[in-house]
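Below is one structure; the comments refer to it alone.
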Amino acid sequence: MEYRLTQYAHGGGCACKIPPGELEEAVRGLTGSSPADPAGELLVGLDTGDDAAAVRISGSTALIATTDFFTPVVDDAYDWGRIAAANALSDVYAMGGTPVVAVNLLGWPRETLPFELAGEVLRGGLDVCGKAGCHLAGGHSIDDPEPKYGLAVTGVADPSRLLRNDAGRAGVPLTLTKPLGVGVLNSRHKATGERFAQAIDVMTTLNDEAARAALAAGAVCATDVTGFGLLGHLHKLARASGVTARLDPAAVPYLDGAREALRDGYVSGGSRRNLDWVSPHVDVSRISPDEALLLADAQTSGGLLVAGELPGHPVIGELVPRGEHTIVAG
């Protein structure tokens, strides 16, 4: 029997994230406290909504900690495992770090789906961790009405060379290292069963080379583009850095088929919530509503958004002194 995993979940991939506005309200007030006799200095925590936590454990080493998991974004179990693992590892790369060890997080409807499929999911995660040079050692699983998979990842970085979302400065260009559009293509896949190899290739590509290129270029500010869309993650970066981002929509790359999927109505609720959340802070008056939706499209395992110019990747805008909005598009 062939199982379509996307039909066993209400959402898919990073589009099933809790809406950013609700999330920020939930964690409000959880910053500022410190444990008794901490083992290291907290360098990056909740304050700016960065991609991962960073703790200095020695003069030359920062520990990077993150976790990410989600419901099936594609029907193929092995591909889902690869995508979820690449997505979880991305948070370490987005901080300028190197993943060292990860553990599995698995929720599985054991009375609904055969456990052999769970094995394929885990195999996909293992293969991607192997390519990343990251140990995958054990983890935790639960019986869950919806299938869910991801990783908790620990990495290391040079504390003096962290990529942070609050370090952007006016006058610096913005570079995007992967095309957008996986959100609308994944929505089409969930609705129709059509498989989009180009989207799977993008989602399973690690951000390791992009992170190394950012560090080599002297970048100090970056984030990755996932469930909150380009507009959501760029808004968070500009807000944390106290600048405005001027975005050139014509320079933003898209996957083949993305505009057609949007035209045909395959837009996730997560993407619409992203646009609703950023609308009070972003000027999209110069572009069409469809273009704004694509810029807010909920990505899964997207690329790095770097304050700096990286050879071989498109510059999609620049940071300028703070104005009325965090982003001006067009």
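The values are calculated or read from the model by the stated rules, or taken from the named source; none is laboratory data. This structure is a prediction, so every number in the text was calculated from the model and none was measured. Here the Cβ positions follow ideal geometry from the backbone for every residue, glycine too, while neighbour counts run over all protein chains shown.
May I ask you to list the residues in segment 228-248 that are assigned to a strand (DSSP E or B) and among the small types (G, A, S)?
Filtering segment 228-248 down to residues assigned to a strand (DSSP E or B) leaves 243-247.
Result: A245, single match.
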Exercise for the section: Scan (1) within 30 Å of A199 (Cα to Cα); (2) assigned to a helix (DSSP H, G or I); (3) at pLDDT below 85 for the single condition E25 breaks and write down its number. Expected result: (1)
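Based on this model, can you work out whether L206 counts as in contact (Cβ under 8 Å) with a residue 24 or more places away in the chain, surrounded by fewer than 23 Cβ atoms within 10 Å (Cβ to Cβ), part of a loop (DSSP other than H, G, I, E, B) and hydrophobic (A, V, I, L, M, F, W, C)?
Taking the combined requirement at face value, the residue satisfies it.
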Exercise for the section: Search segment 95-110 for residues being modelled with pLDDT of 95 or more and over 15 Å from G133 (Cα atoms), and hand back the single one that is surrounded by the most Cβ atoms within 10 Å (Cβ to Cβ). Expected result: M95
Exercise for the section: Find all pairs meeting these conditions: Cβ atoms under 9 angstrom apart; at least six residues apart or on different chains; first residue within segment 247-265 and without any contact (Cβ under 8 Å) to a residue 12 or more places away in the chain and within 14 Å of G229 (Cα to Cα); second residue assigned to a loop (DSSP other than H, G, I, E, B) and of a type outside the set (S, T, Y). Expected result: none
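Can you find even one residue in segment 174-191 that is assigned to a loop (DSSP other than H, G, I, E, B), out of contact with any strand residue (DSSP E or B) (no Cβ under 7 Å at 6 or more places or on another chain), more than 23 Å from I83 (Cβ to Cβ) and of a type outside the set (G, A, S)? Talk me through it step by step, then tell me what you get.
Going through segment 174-191, the residues assigned to a loop (DSSP other than H, G, I, E, B) turn out to be 177-179, 181.
With the extra rule that they be out of contact with any strand residue (DSSP E or B) (no Cβ under 7 Å at 6 or more places or on another chain), the set shrinks to 178.
Cutting the leftovers down to more than 23 Å from I83 (Cβ to Cβ) gives us none.
Scanning segment 174-191 turns up no residue that is assigned to a loop (DSSP other than H, G, I, E, B), out of contact with any strand residue (DSSP E or B) (no Cβ under 7 Å at 6 or more places or on another chain), more than 23 Å from I83 (Cβ to Cβ) and of a type outside the set (G, A, S).
Can you pull out every residue in segment 44-68 that is farther than 24 Å from H235 by Cβ and surrounded by fewer than 24 Cβ atoms within 10 Å (Cβ to Cβ)? Reasoning before the result, please.
Initial filter on segment 44-68 (farther than 24 Å from H235 by Cβ): 55-63, 65.
Listed by number, the residues that qualify are V55, R56, I57, S58, G59, S60, T61, L63, A65.
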Handout entry: Those residues of segment 115-167 which are in a strand (DSSP E or B), exposed (fewer than 15 other Cβ atoms within 10 Å of the Cβ) and among the hydrophobic types (A, V, I, L, M, F, W, C), in sequence order
Key = A137, I142
